[in-house]
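K.L.:
For reference, the structure I am asking about is given below.
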Amino acid sequence: MALIDIRDVGVTYNGPVLADINLAIDEGEFVCVLGQTGCGKSTLLRLVLGSEKPHRGQVLVDGRVHDQPDRTRGYVPQKYSLFPDKTVLDNITFGPEVSEFSLLGRLMPRYFRRCRDLRREAFDYLRRIGLQESDARKYPDQLSGGMQQRVAIAQALMMRPRILLMDEAFSALDPATRRGMQDLIRQLWRTTGATILFVTHNTQEALSLGTRVIVLAKESAEAPSRVALDMTVPEHEEEEVPQLVRRLERVATAGAFVA
């Protein structure tokens, strides 16, 4: 049974957004979603997260419909969402602290021991995302946009989600930092076995990160988006990358539905 099973899903707001979406994503896959702006990539992620519901069809995660987000699905939005009144360290540790302990549980000795462990883990993530230990005491408004986005990624990873949903998570990062975060996410995917659904506009990024690429496209401006291409990323030599990039971009821009 697929971990994520999207069955005949359609979404309509003021006009049709998605139609006839059928996808089965197995546990441990790294799936990159490509498509032009407005084609419904972010909507697809929110359907899997459980923060939105389809108007038609079903989205099943582990065999059941989820009415709201939970800790099994980590989410990194395109625009970082940190708590402005918490330090970087407190932002990173907030999720596990709240999910693991009730208000009464926070009075027990085990809570304080666990907080020490979480803070050590948070400092490890700080180093891995390229921030300094001194940044742990800063507040979000003292950080650049790229630094805030890195903290948001660490915040999601701290929850150790079974499914990680990333919506243009690297778009605010400079090229060098972006490459470092790509390496980190790929390494964490290999070591944790998490299932990753990664939205990006960067075709080359999709090919270098994903084991599978899904392209959403419209046949016309008024039409809803459908799955125009669902491709397992082949083992490829470096000189083959431009050819693969052109193929994916042609499908995304022309809405050419191909096998």
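K.L.:
Within the range 120-235, which strands (runs of 3 or more DSSP E) (wholly inside it) include 1 or more residues that are within 29 Å of VAL11 (Cβ to Cβ) and more than 18 Å from the chain's Cα centre (by Cα)?
P.N.:
212-218, 225-232
K.L.:
Being more than 22 Å from THR195 (Cα to Cα) and either among the β-branched types (Val, Ile, Thr) or not in a helix (DSSP H, G or I) (or both) is the filter here; which residues of the range 82-92 pass it?
P.N.:
LEU82, PHE83, PRO84, ASP85, LYS86, THR87, VAL88
K.L.:
Please enumerate the residues belonging to the range 164-180 that are of a type in the set (A, V, I, L, M) and touching a helix residue (DSSP H, G or I) at 6+ places or on another chain (Cβ under 7 Å).
P.N.:
LEU164, LEU165, ALA169, ALA172, LEU173
K.L.:
Step by step: first the residues of the range 17-50, then only those that are part of a helix (DSSP H, G or I) and among the polar types (S, T, N, Q), then the one that is farthest from THR211 (Cα to Cα). Which residue is that?
P.N.:
Residue satisfying both the conditions and the ranking: THR43.
K.L.:
Now, a different point. Under the condition of being in contact (Cβ under 8 Å) with a residue 12 or more places away in the chain and closer than 19 Å to ALA169 by Cα, which residue from the range 123-140 is surrounded by the fewest Cβ atoms within 10 Å (Cβ to Cβ)?
P.N.:
Among residues in the range 123-140 that are in contact (Cβ under 8 Å) with a residue 12 or more places away in the chain and closer than 19 Å to ALA169 by Cα, the one surrounded by the fewest Cβ atoms within 10 Å (Cβ to Cβ) is GLY130.
Residues checked against (1) surrounded by fewer than 19 Cβ atoms within 10 Å (Cβ to Cβ); (2) under 13 Å from the mean Cα position of the chain (by Cα); (3) at positive phi:
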{"site": "ILE4", "(1), (2), (3)": "no, no, no"}
{"site": "ARG7", "(1), (2), (3)": "yes, no, no"}
{"site": "LEU18", "(1), (2), (3)": "no, no, no"}
{"site": "ALA24", "(1), (2), (3)": "yes, no, no"}
{"site": "LEU44", "(1), (2), (3)": "no, yes, no"}
{"site": "TYR75", "(1), (2), (3)": "no, yes, no"}
{"site": "LYS79", "(1), (2), (3)": "yes, yes, no"}
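Every number here is computed from the coordinates shown, using simple stated rules; none is lab data. Model, not experiment: these values are computed from the prediction. Cβ sites come from the backbone with ideal geometry, for glycine too, and all protein chains shown count toward neighbours.
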